[in-house]
Amino acid sequence: MKISDLPYDLESEILARVSAKSLWKSQTTCKRWYSLLRDENFITRNKKLSKPARESILQIDFGVCSTGDDLHGIHNRTGVDPSIEFPSKLCYLRKDPKKVLKISQIYHCDGLILCSTKRNNWLVIMNPCTGETRLVKPRTFYREDDTYALGYVNSNKPSSSSSPHSHKILRCFYHENEQSVKVAAFEMYDLSSGSWRVLDDLTGDYREFRYGMSLKGNTYWAVGDLGTGLFLMKFDFTTEKFVRLSLPFQSFPNAVFAPLSVVKDEKLSVLDLDIQESSCVMKIWVTNKVDDEDKDLSWRSDCVLEVDLDKFELPSVVKVSSFLLDEENKVAVCCDLDWDRDDENRIRNFITRIYIVGEDMYKQVYKETTRGTRFKLRPLLLTYVPSQTREIKPRTCYGSDDTYALGYVNDSKSFSSYKILRCSCYKKDKSATVAEFEMYDLSSGSWRFLYNFTRNYRIFCDGMSLKGNTYWVYGDKETGLFLMKFDFTTEKFVRLSLPFQSFNLEDTAALSVVKDKKLSVLHQNIIEFSNVMRIWVTNKVDEADKELS
């Protein structure tokens, strides 16, 4: 049976259970699916029925890869999932085919990924679901020892933003004061405005701000020194302040490994491993469910997973740098980095391992040994849902005949200046239909009315977005067909020419986008005796282009 043979209701019911990311990739499969995936009722049903497709990112040294699996669910009814595998060789990300882009730090928050490159020459923010990538330029310059945190303003707390996802980047860098003492300084980057500002009132007394974990818009670190012991440090992106919190155990950071991890975007977990103890016991603790309004964390009274690693007779000391916890089945995926030394006590080899552990099981799923004495990064394992879903409420009410366009402001300083243009039609009197326009700004989360906008022409095809602007084929019997562009930067309609002339309103005219670079138009004159279809393509379109060629 072909897909086209399925009843429409059954086809819709099946697709409603597919993850948003997979639907995004499949939207151009056929015209029927393209229309279905934009239907408001289908989108609502998809949110209720589909299971978020989690993915995992693995970073070893300066190489990054995606496993494409949800490692939170690593345990099935018969034990460890045998299909879990990691690639034997990791590919480096590339800025272009000839230049390797080596990633030194990765941060995740709310479906967005923040990456800094080796020596901190580049800072990049990207959305894996949409494929959008934006370079974040420094206020002055980046330093090699810079560290970052990615978060957002929680709208249920007092804030200057009405958006539930007002994302920010915290940068920590170090400089010498007048007493030649190295101190930490902080800057904040707002993704909606595309600008940096210095946080003068913020100070940091602890150097370890590198491996933070984001949860509910805030970032957490396990920090400390020999005097205070380990504790939890939280940065609140709404109040823009550090908050000191407790850990479920007391320890001093001499030979203790205490990495953090997030459990299904709801809880924070910490791993406690002291390699100087006579017995090597790993303990993992989990908080209760964290809500946005929580000022403090509450830990469960007992640890979720306790593993005596000595009974597995491992060949070297375990030094866990990151982990993912399957709380329900009490197993964890752990990464560690170890090394061996030569007769002169120099590091000879680095050994990276990934393994799955439970109370009575240990399974190694990846091992890599590399020679050399150069510095190596700790392996990092993250899991995330590559999507950003937001319900957009109307200013008054939505209408069944409403049409929309999605675009963004062409400004290299801003990452998330997306806007939605809404056109609603209503009967002014018995003979006249009036069109009204509204604009929704995703950075502010608000609608505003656009005055002096009219639509006097018939629309012949769905709008197509290219380089932040939207295009339609408009026309009537007097003017013929022409191209209409809405510029989301100037918020104005611009009338453009088509490569053909037609005054027949029964003609077929459709737009399409070619590799996100060019606009194409299909025209078919059904009155002609020969059923000829013609397709024209523009030259490459840049954001600054005011006219198409």
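Of the conditions (1) modelled with pLDDT of 75 or more; (2) in a strand (DSSP E or B); (3) within 32 Å of the chain's Cα centre (by Cα), THR490 fails just one. Which one is it?
Every condition holds for THR490 apart from (2).
Starting from residues that are assigned to a strand (DSSP E or B) and among the charged types (D, E, K, R), keep the ones in region 215-235 and report whichever is surrounded by the most Cβ atoms within 10 Å (Cβ to Cβ).
Step one: of region 215-235, the residues assigned to a strand (DSSP E or B) are 215, 218-225, 229-235.
Then drop every residue that is not among the charged types (D, E, K, R), which leaves 225, 234.
On the way: ASP225: 14, LYS234: 19.
The extreme case among them is LYS234.
Which pairs do you get when a residue that is outside any strand (DSSP E or B), found in region 347-361, comes within reach of a residue that is modelled with pLDDT under 85, reach meaning Cβ atoms under 9 angstrom, with the pair 6+ apart or on two chains?
ASP360/LYS311
Can you name the residue in region 498-516 that is closer than 16 Å to GLY463 by Cα and under 38 Å from the mean Cα position of the chain (by Cα) and is also surrounded by the fewest Cβ atoms within 10 Å (Cβ to Cβ) among such residues?
Ranking the qualifying residues of region 498-516, first place goes to ASP516.
The values are calculated or read from the model by the stated rules, or taken from the named source; none is laboratory data. Keep in mind it's a predicted model, so treat the numbers as computed, not measured. Using ideal geometry, Cβ is built from the backbone for each residue, glycine included, and neighbour counts are taken over all protein chains shown.
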